[in-house]
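Notes follow once the structure below has been shown.
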Amino acid sequence: MIPSFWRKIRYRYNLTGTKCENCGRIYHPPRNICPECRRKSSITEVDLGDRGELLTYSIVHDAPESFKLQRPYVIGLIKLESGVVVTSQISCKPSELRIGMKVKAVFRKYGEDGEDGIIYYGTKFVPCEE
Amino acid sequence: MRKVAIIGVGMSRFGELWDKSFRDIVIEAGIEAIEDANLEGKEIEAMYIGNMSGGRFLSQEHISALIADYSGLASLNIPAIRVEAGDASGGVALKEAYISVASGIHDIVVAAGVEKVTDVGSAMEIMDSSIDQEWEAFHGATLASLYAMMARLHIHNYGSSEEDLAMISVKNHKNAVNNPKAQFRREIGIETVLNSPYVAEPLKVFDSAPISDGSAVVILASERVARKHTDTPVYINSVVQSSDYLAVQNREDILEMKAVKTATRKALKLAKCELKDIDVFEMHDSFTITELLLYENVGLAEKGRGHELVRDGRVEIDGEKPVNPSGGLKACGHAVGATGIRQIGEIVLQLRGDAGKRQVDAEKGMAVNIGGTGATAVVSILGR
Amino acid sequence: MVGIVSYGTYIPRYRIKVEEIAKIWGEDPESIKGGLGIYEKSVPDIDEDTVTISVECAREAMKRVSLNGSEIQAVFVGSESHPYAVKPTATIVGEALSIDSFFHSADLEFACKAGTAGIQNCIAMVESGMIRNGLAIGSDTSQGAPGDPLEYSAAAGGAAFVIGSENVIVEIKDTLSFTTDTPDFWRREGQPYPSHGGRFTGEPAYFRHVSTASIEIMKRNDLEPEDFSYAVFHMPNGKFPVRVARNLGFSSKQIEQGLVVRYIGNTYSASSLIGFCAILDVAKPGDRILLTSFGSGAGSDAFIIEVTENIESYDRNQSVWKKIERKEYIDYGMYAKLRRKIRMG
Ligand SMILES: [Zn+2]
């Protein structure tokens, strides 16, 4: 798991995606080929911003082993200002949740390979105050 | 392309089959299918096997050769092919088998599906491996939670309710009572569903199909050969597979299952029929919301109105469009890679009139088998 | 002139009250609150650690002045709770801040003064011309053994400073350190919780070092306590900083604004720094501030700081005291789980 995590660190720590210069579409996770333009794709990196809106969410109770300490936790689809949708955890009380709420990205721990393994960090979201 | 018929159907029981191994259950289903088709065994020219994760459930890969071997076909040296598409593996196996006969390459082939899940403790996490591991599962998303997000949005946008979803589970449990192969042959009340603990809100334990041991086998033959073996062939009018973005986040509208829509449209066209001509359905109710979304994406209901079908009983076994007379994945059991073939088996029994107490009056049937959150869909139309 | 270009802070939202901890160990909460001068403390969430806290406070600092990662050439993270014993916190922080990979970085550890040590390193590097801007972070998720008096105070938080020489909001006029070998508090390799010398942490450790460093830096700059608008001293509890201020001749008015410990506990490497940021939140051009940290083992770093005109236009919206008020209380059971005090099978 270490190399596969490490390889995409820059897209996990920050909301960086890829943009197809040919059609202007933006994607996260990063893609090598634009699904609309295919061979005509021209891919560059783009900052997706740290603000978004909650499209939908679920409170997870039956969690994989590595997430058990965190449950119940909230998983959601967030539409960023750039229009891109990402899957991420929302760090807040379930009672605060509502579809359409404004959220902002924060840096959080996602898990670890046991007590002696490496720690996985990434982006989560919290409700926007303003 | 030649016409292709199904001449034999076999199924193991579904459930926690503690005393049966992977090999035992697939052979159990296989023998039943061969007897049903009135074959000796050596007529089989190829095997297509749907299996999601022998590697993780059993640490056993190369299961294609294993199954051919234990089916007693090692000495015939036939080709055996394992296909994988999450829990749509069975449907894809059927499609591959169909192509091999329709194209004229083979005359008699086996399409099988099998999964043995109870030899490990973490079946759910293995099930979840059909979602995007790097960008969904890494963040704590599970298969259930992705469907739960769809359910949440459907309820929010269209006024469906947790009760509507629960009624789908109630219906499927009721149907399974009359299916001797089913895992849960008991009726449940809506309270049982609503009072069960949340898996991923708003989905509960009783909104979710079990992960089961089980196997299903169908035997395909060209029309000419079929007539030699059976008086009641059931024809595969069409079988179409489609794909979509793997991760839910990349789909334009998460309540739109484009793979299902595309496959349905093409399948109906190839079968030269319309949805109104289909009398019975087997649909992939991995969660109650999955079945509800399939009503809409197959076209039984308009978008945002799937729950109305549940409310007016149109999808009940005695309704206008019976869905999951077998009990579906929820109550018949979800043996992952076997499910797509199990659905086909049910449609064949229904069309032949061999479905016993759960018999529906049907000329044509449709099976909808999907992988994970819908990135693979296989739609099959069968007719007498 | 070298100074602070920007600052940022982070305080986790969970709090546990002294009453809740005292209840578990059968102690009298009123006498603890009276004795320690702490009412409640911050607790990190299960997904927060020194790395995430460092990133959050550094991002705030950079965002306030729209500073790009490529404009920073050094990152120091001071902490006694680096998540890895071996593997730097600063590399993760640098990556998360998108700092161009040609940067100097090091993790620092000096009990509660590793954050100010980072500031001194940055000052030296900026002054020498090695770097243009450096990032110094003090951040901790400190732990006290269950039932130990430290459990009432050991808290979590972080403060980050961009140190540079252009557009500084405060100038750092002078800094000095006073260091001796004084074993008042320690944690041996492999031990989960620190040990301490009880009352020995007072006179020979905290008071001696904080006083000596403060007196010396004032003396060599010809300054008296009344020449300062504000003073902030390391806050292991709510009593020590008040007493040291009084002994040195500072009024309670001078230290009140930075006295955050009563409501968030001792945030270790961030403790005096979060207090200092609370002062910066309200400081006016011309204000002079004395900042003296303390790290067990032992040493103190003292700073004389003068606020510039630039602070007027500087974004100070998310104030420390506002962050202190944003809180959610948890019980001891939840606290034990979040701080991984429960032995899992
Ligand atoms: Zn494009």
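Measure off, as a whole percent, the carbon and sulfur share of the 1.4 Å-probe accessible area of region C:193-331, all protein chains present.
Reported share for carbon and sulfur atoms: 45 percent.
Which of the peptides B:166-172, C:41-47 is most tightly packed, and how do the rest follow, going by the mean number of other Cβ atoms within 10 Å of each residue?
My ranking of the peptides, most packed first, is B:166-172, C:41-47.
Connecting C-alpha atoms closer than 10 Å in a GNM of chain B, tell me which of B:A141, B:A68, B:A367 has the biggest fluctuation.
Fluctuation is largest for B:A141.
Suppose we keep just the DSSP beta bridges with both residues in region B:106-256; what percent of those would be antiparallel, to 5? Show your work: numbers first, answer last.
Working: 10 of 10 bridges.
Around 100 percent of the beta bridges assigned by DSSP in region B:106-256 are antiparallel ones.
Can you say what percent of the DSSP beta bridges in the protein assembly as shown, counting only those with both residues inside, are antiparallel? Round to 5.
Of the beta bridges lying entirely in the protein assembly as shown, close to 75 percent run antiparallel.
Tell me the carbon and sulfur percent of the accessible area for region C:1-85, rounded to whole percent, probe radius 1.4 Å.
52
Just to confirm a number: summing +1 for Lys and Arg and -1 for Asp and Glu over residues other than B:I317 whose beta-carbon lies under 13 angstrom from that of B:I317, what do you get?
Working: positive: B:K171, B:K174, B:R314, B:K321, B:K357, B:R358; negative: B:E187, B:D279, B:E282, B:E316, B:D318, B:E320, B:E346, B:D361.
Counting the neighbours of B:I317, the net charge comes to -2.
Just to be sure I understand the interface: list residues from region B:197-223 that lose 10 Å² or more of accessible area between the chain on its own and the complete protein assembly, 1.4 Å probe.
B:Y198, B:V199, B:A200, B:E201
Near B:V199, within a Cβ-to-Cβ distance under 10 Å, what is the net charge of the other residues, with Lys and Arg +1 and Asp and Glu -1? Can you show the working numbers first?
On the way: positive: B:K204; negative: A:D62, B:E201, B:D207.
Charge balance in the 10 Å sphere: -2.
Peptide A:75-81: average number of partner chain Cβ atoms within 10 Å per residue?
4
Please compute how much accessible surface disappears when C pairs with A, both sides summed, using a 1.4 Å probe, and round it to the nearest 100 Å².
2000
Keeping all protein chains in place, calculate the accessible area per residue for region C:87-174 (probe 1.4 angstrom), answer in Å². Please report the intermediate quantities before stating the final value.
Numbers: 2820 Å² over 88 residues.
Per-residue accessible area for region C:87-174 comes out at 32 Å².
Under a 1.4 Å probe, what is the accessible area of region A:49-130 per residue, stated in Å²?
Details: 3150 Å² over 82 residues.
Computed with neighbouring chains in place, this is 38 Å² per residue.
List the residues of region A:2-29 whose accessible area drops by at least 10 Å² when all protein chains are present, compared with their chain alone, using a 1.4 Å probe and counting only protein heavy atoms.
At a threshold of 10 Å² (probe 1.4 Å), the residues of region A:2-29 that become less exposed are A:S4, A:K8, A:I9, A:R10, A:R12, A:Y13, A:N14, A:Y27, A:H28, A:P29.
Shielding by partners for C:44-56, please: the mean number of other protein chain Cβ atoms within 10 Å of each residue's Cβ.
Averaged over the peptide's residues, the number is 5.
Roughly how crowded by other chains is peptide C:193-202, in terms of the mean Cβ count from those chains within 10 Å of each of its Cβ atoms?
Mean shielding count: 0.
Once you list every other residue whose beta carbon is under 11 Å from the beta carbon of B:R23, what net charge do they have if Lys and Arg are +1 and Asp and Glu are -1?
My count for the surroundings of B:R23 gives -1.
With all protein chains present, calculate the accessible area of C:E171 using a 1.4 Å probe and round the result to the nearest 10 Å².
Only protein atoms counted, so the area is about 50 Å².
What residues does region A:82-119 have that are buried by at least 20 Å² of accessible area in the full protein assembly compared to the chain on its own, 1.4 angstrom probe?
In region A:82-119, residues shielded by partner chains: A:V85, A:T87, A:S91, A:K93, A:I99, A:V106, A:F107, A:R108, A:K109, A:Y110, A:E112, A:I119.
Measure nothing but the geometry: give the 0 to 90° angle between the long axis through the Cα atoms of B:162-176 and the longest principal axis through the Cα atoms of chain B, rounded to 10°.
30
Given a 1.4 Å probe and heavy atoms of the protein chains only, how would you sort B:H156, C:H209, largest accessible area at the top?
Working: B:H156 110, C:H209 0 Å².
Ranked from most to least accessible, the order is B:H156, C:H209.
Considering only protein heavy atoms, what per residue accessible area in square angstrom results for chain B with a 1.4 angstrom probe?
Accessible area per residue, chain B: 34 Å².
Could you list, bin by bin from short to long, the percent of Cα-Cα pairs of chain B in 20 Å steps?
33, 60, 7
Among C:G26, C:G147, C:G275, which one shows the biggest mean-square fluctuation in a GNM of chain C, springs joining Cα atoms closer than 10 Å?
Largest GNM mean-square fluctuation: C:G26.
Build a GNM of chain B with springs between Cα atoms under 10 Å: which of B:D128, B:D312, B:D277 gets the top mean-square fluctuation?
Checking each option, the largest mean-square fluctuation is seen for B:D312.
I'd like the interface area for chains A and B: accessible area of each alone minus the complex, both sides summed, 1.4 Å probe, protein heavy atoms only. What is it in Å² to the nearest 100?
That pair hides around 2800 Å² of surface in total.
Just the number, please: carbon plus sulfur as a percent of the accessible area of region B:214-339, 1.4 Å probe, no ligands or DNA/RNA counted.
In region B:214-339, the share of accessible area belonging to carbon and sulfur is 45 percent.
The values are calculated or read from the model by the stated rules, or taken from the named source; none is laboratory data. All values reported here derive from a predicted model rather than from experimental measurement. Ideal geometry is used to build each Cβ from the backbone, glycine not excepted, and the neighbour counts take in all protein chains shown. Areas reflect the complete protein model, heavy atoms only, side chains present, ligands, DNA and RNA absent. Shrake-Rupley method; radii C 1.70, N 1.55, O 1.52, S 1.80 Å.
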